[in-house]
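The values are calculated or read from the model by the stated rules, or taken from the named source; none is laboratory data. Only a predicted model underlies this, so the values are computations on that prediction, with no experimental measurement involved. Neighbour counts are summed over all protein chains in view; Cβ atoms, including those assigned to glycine, are modelled from backbone coordinates with ideal geometry.
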Amino acid sequence: MRTHNPVELVPYDSQWPQAFRHIRDKLLALLPQVLSIDHIGSTSIPGMIAKPLIDIDIVLPGLEHIEDATRMLLAEGYEPRGNRYDDEVWAFLSRGSVPAERVYLCPAGNGTHRNRLAFRDYLIAHPQTAADYVALKRRLAAEFRMDGDRYTAHKRDFVDAVVARALAGDG
C-alpha cells in the first residue's frame with residue numbers, strides 16, 4: 001500500500017549538525033561495536049532544503065552484528081522500516097524525537113553507504129550541483145506533494161549521476 005504523506009521540505013536548520021552529534025553520542029553508547037556513525041542525506045549538507053529528518057548510517061563490522069543492533073534499536077523505540085535498496089541496509093525510524101531520526105544499519109564495505117557519503121561530500125564541495133539539487137527537490141515536492149515514494153524515485157537519476165561523478169573523481 002502506498003503511503004500518502006505530504007512531502008515536507010524545510011529550509012536548512014543550523015541546529016541539524018548539533019542534533020546529529022547528540023544522536024550519534026546516544027547511538028555510540030547503545031552500540032559500542034559500531035565502526036562509524038555518519039550524518040547522511042540532505043540535513044548533512046549545509047544550506048540544503050530537506051525533510052525535517054536526520055538521516056544516519058550506522059556502520060557495523062559485519063552482517064553478524066545486525067541482529068543485536070536491531071534488538072537495541074527496537075528496545076529504544078525505533079520502528080523497523082525493513083530492508084532497503086536490496087543492499088543489506090536496514091532502516092529504522094524514531095518519530096518521537098525532534099527532529100525525527102531515520103537510522104540505517106549497514107555492514108562494513110556496504111555500497112549504499114559508500115554512495116551516500118560520496119553524494120554528500122560532492123554536494124558540499126560543488127555548490128552549483130547542490131543548487132541544482134535544491135531546484136529538483138522543489139519541483140518534485142510540488143509535483144508529488146502527497147507521494148513521498150514517487151518524490152524519492154524521481155530524484156534517483158540525479159543522485160546516481162552525482163554519485164558516478166564523485167566516485168570517478170570528476171569535479
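In the range 156-169, the residues that are within 17 Å of Ala141 (Cβ to Cβ) form Cβ pairs under 7 Å with partners that are crowded, with 16+ Cβ neighbours inside 10 Å, at six or more places apart or across chains, as follows: Phe158/Tyr133; Val159/Phe119. When Ala19 is tested against (1) outside any helix (DSSP H, G or I); (2) surrounded by 14 or more Cβ atoms within 10 Å (Cβ to Cβ), exactly one condition is not met: (1).
Here is the figure for the range 85-104: residues that are touching a residue at least 24 places away in the same chain (Cβ under 8 Å) and farther than 21 Å from Ile45 by Cα total 5. If you filter the range 40-52 down to residues that are buried (at least 20 other Cβ atoms within 10 Å of the Cβ) and modelled with pLDDT of 95 or more, you find that the one that is nearest to Leu123 (Cα to Cα) is Ile45. Among the candidates Ile124, Ile58, the residue that is of a type in the set (Val, Ile, Thr), more than 15 Å from Gln33 (Cβ to Cβ) and modelled with pLDDT of 95 or more is uniquely Ile124.
If the condition is being surrounded by 20 or more Cβ atoms within 10 Å (Cβ to Cβ) and either in contact with a helix residue (DSSP H, G or I) (Cβ under 6 Å, 6 or more places away or on another chain) or under 17 Å from Ala50 (Cα atoms) (or both), then the range 103-121 contributes Val103, Leu105, Cys106, Asn115, Arg116, Phe119, Arg120. Applying the criterion of at least 1 residues that are β-branched (Val, Ile, Thr) to the strands (runs of 3 or more DSSP E) found wholly in the range 61-155 leaves 89-94, 100-107.
Matching residues to (1) closer than 17 Å to His39 by Cα; (2) in contact with a Leu (Cβ under 8 Å, 6 or more places away or on another chain); (3) among the polar types (S, T, N, Q):
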position	(1), (2), (3)
Asp86	no, no, no
Arg102	yes, yes, no
Arg116	yes, no, no
Lys137	no, yes, no
Phe158	no, yes, no
Ala161	no, no, no
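Against the conditions (1) of a type outside the set (Val, Ile, Thr); (2) surrounded by 16 or more Cβ atoms within 10 Å (Cβ to Cβ); (3) modelled with pLDDT of 95 or more; (4) more than 18 Å from Arg24 (Cβ to Cβ), Glu88 satisfies every one except (3).
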